[in-house]
Amino acid sequence: MRNVKISVVIIILVLLSILTPGCTSFDNLIKEDEYGGRAQVYPVNKVQAWETAKAVFRELGAKEDEIEENQVDSFVTWTGNMMAIIERVDNNNTRVIAVLAPSPCAPAQKRATERDFHKYFSQSVDILKTGKSLPLIPKRK
């Protein structure tokens with residue numbers, strides 16, 4: 001009987017290790033784009049999308065010196081946390097892809113997610129549509 005219990009425990013541990021790939025959450029397993037991450041098209045031009053991505057990173061907690069821009073390759077990064085890839089669709093629409101940086105197991109604090117990025121990006125686009133300028137980003141609730 002004891003051998004059966006040990007076998008069951010071993011089987012459960014093996015199954016858990018197979019079903020839990022590294023430190024990746026199930027939310028991070030969702031990939032919508034060839035870069036990985038979450039993609040969304042917004043009714044803004046590329047310049048507005050670029051500035052909005054930086055404002056959203058600041059709202060999510062990035063310090064100014066943690067935001068790096070690479071206009072040649074069309075991405076903005078929040079060092080060690082996330083990247084926003086900015087792709088022009090046409091003159092009035094831009095595709096924005098939020099990609100999380102790899103994270104260690106059990107981070108010390110809750111990290112912003114790709115969903116968080118797009119939530120605040122969408123709210124920022126709504127602000128731009130009213131004619132106001134950024135960084136008037138709605139505060140997190």
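Residue-by-condition table, conditions (1) farther than 18 Å from HIS118 by Cα; (2) at pLDDT below 90; (3) in contact with a Gly (Cβ under 8 Å, 6 or more places away or on another chain); (4) among the charged types (D, E, K, R):
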| site | (1), (2), (3), (4) |
| --- | --- |
| ARG2 | yes, yes, no, yes |
| LEU19 | yes, yes, no, no |
| TYR35 | no, yes, no, no |
| ALA39 | no, no, no, no |
| PRO43 | no, no, no, no |
| ALA49 | no, no, no, no |
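Return a yes/no flag: does region 117-140 have any residue that is at pLDDT 85 or above and in a strand (DSSP E or B).
Just the residues of region 117-140 that are at pLDDT 85 or above, to begin with: 117-130.
With the extra rule that they be in a strand (DSSP E or B), the set shrinks to none.
Checked against the condition, which is being at pLDDT 85 or above and in a strand (DSSP E or B), region 117-140 yields no hits at all.
The values are calculated or read from the model by the stated rules, or taken from the named source; none is laboratory data. All values derive from a computational prediction rather than experimental measurement. No Cβ is skipped: glycine too gets one built from the backbone with ideal geometry, and neighbour counts run over all protein chains shown.
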